[in-house]
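Trainee: Once you've had a glance at the structure underneath, I'll fire off some questions.
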Amino acid sequence: MGFDKFGRKSFTNMTKTAKFVDLLAEGKVEGTVCKQCGAKYFPPRADCAACLSKDMDWFEMPKKGVLETYTTAMYAPFGFEKDAPYTMGLVDFGNDLKLFARLDKALKQEEVKIGMEVSVRPITYDDGQLSFEIIKA
C-alpha cells in the first residue's frame with residue numbers, strides 16, 4: 001500500500017517508511033528502531049538521526065502513555081476544513097518516545113486532562129484513509 005492512504009490529505013505516495021500504512025491497515029501503530037544504536041522514532045524514520053545508520057526495524061508503540069499537552073484547533077489547514085474543530089495532543093511514552101495525534105472525537109473536552117493515561121489506536125476514516133488517534137486508556 002502506498003503512503004497516499006495515510007491521513008486526511010496525503011501529498012505523497014512514495015516514502016521509505018510506507019510500510020507504516022500497511023501496519024495501520026493491520027491494526028498496528030508502529031515506529032522504527034535503529035538496529036545499530038537502539039534509538040526509537042515516531043513518526044517512523046528510514047534512517048537513524050543518532051548514528052546515521054540505515055539499518056532500521058519496526059516496533060509496536062507502547063500500550064499506555066501520558067498526555068503531556070493538548071490544544072483544540074478551531075480552524076483547519078487545506079484538506080482538513082471539514083474536521084474542525086478537533087483536539088490534538090502530545091503523548092509521552094517515556095524514554096524520549098513521544099507521539100503527536102488527534103484525540104478521539106468521542107472524548108469530551110472536559111475529560112481531557114494533562115497527565116491522564118492514554119493509548120493510541122489506528123483508525124480508518126469514512127473515505128478509507130488510514131491514521132491513528134489518542135484514546136483514553
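The values are calculated or read from the model by the stated rules, or taken from the named source; none is laboratory data. Here the structure is a predicted model, which is why all the values come from computation and not from measurement. Don't worry about glycine lacking a Cβ; one is built from the backbone with ideal geometry, like all the others, and counts go over all protein chains shown.
Trainee: Using the structure shown, decide if GLY65 is closer than 26 Å to THR32 by Cβ, surrounded by 12 or more Cβ atoms within 10 Å (Cβ to Cβ), modelled with pLDDT under 95 and not hydrophobic (A, V, I, L, M, F, W, C).
Mentor: So GLY65 fails the test.
Trainee: Filter the range 90-137 down to the residues that are basic (Lys, Arg) and part of a strand (DSSP E or B), then identify the one that is nearest to ALA18 (Cα to Cα).
Mentor: Looking at the filtered set, the residue picked out is ARG121.
Trainee: Which of the residues that make up the range 108-124 are closer than 15 Å to TYR86 by Cα and touching a Gly at 6+ places or on another chain (Cβ under 9 Å)?
Mentor: VAL112
Trainee: Of all residues in the range 43-62, which are hydrophobic (A, V, I, L, M, F, W, C) and either at pLDDT 95 or above or exposed (fewer than 12 other Cβ atoms within 10 Å of the Cβ) (or both)?
Mentor: CYS48, ALA49, ALA50, CYS51, LEU52, MET56, TRP58, PHE59, MET61
Trainee: Exactly one of these conditions fails for THR87: (1) at pLDDT below 95; (2) not in a loop (DSSP other than H, G, I, E, B); (3) not small (Gly, Ala, Ser). Give me its number.
Mentor: Status for THR87: all satisfied but (1).
Trainee: Taking into account only those residues within the range 18-42 that are in a loop (DSSP other than H, G, I, E, B) and crowded, with 20+ Cβ neighbours inside 10 Å, which is modelled with the highest pLDDT?
Mentor: Restricting to residues being in a loop (DSSP other than H, G, I, E, B) and crowded, with 20+ Cβ neighbours inside 10 Å, the top hit is VAL29.
Trainee: List pairs: first in the range 68-80 and exposed (fewer than 13 other Cβ atoms within 10 Å of the Cβ), second charged (D, E, K, R), Cβ under 7 Å, 6+ apart or cross-chain?
Mentor: These pairs meet every condition: PHE78/LYS9; GLY79/ARG8; GLY79/LYS9.
Trainee: Here's a follow-up. If the Cβ limit is 6 Å and pairs must be 6+ apart or interchain, which residue in the range 95-123 that is closer than 14 Å to VAL66 by Cβ and touching a residue at least 12 places away in the same chain (Cβ under 8 Å) pairs with which residue that is assigned to a loop (DSSP other than H, G, I, E, B) and among the β-branched types (Val, Ile, Thr)?
Mentor: Sorted first by the residue in the range 95-123, then by its partner, the pairs are VAL120/VAL29.
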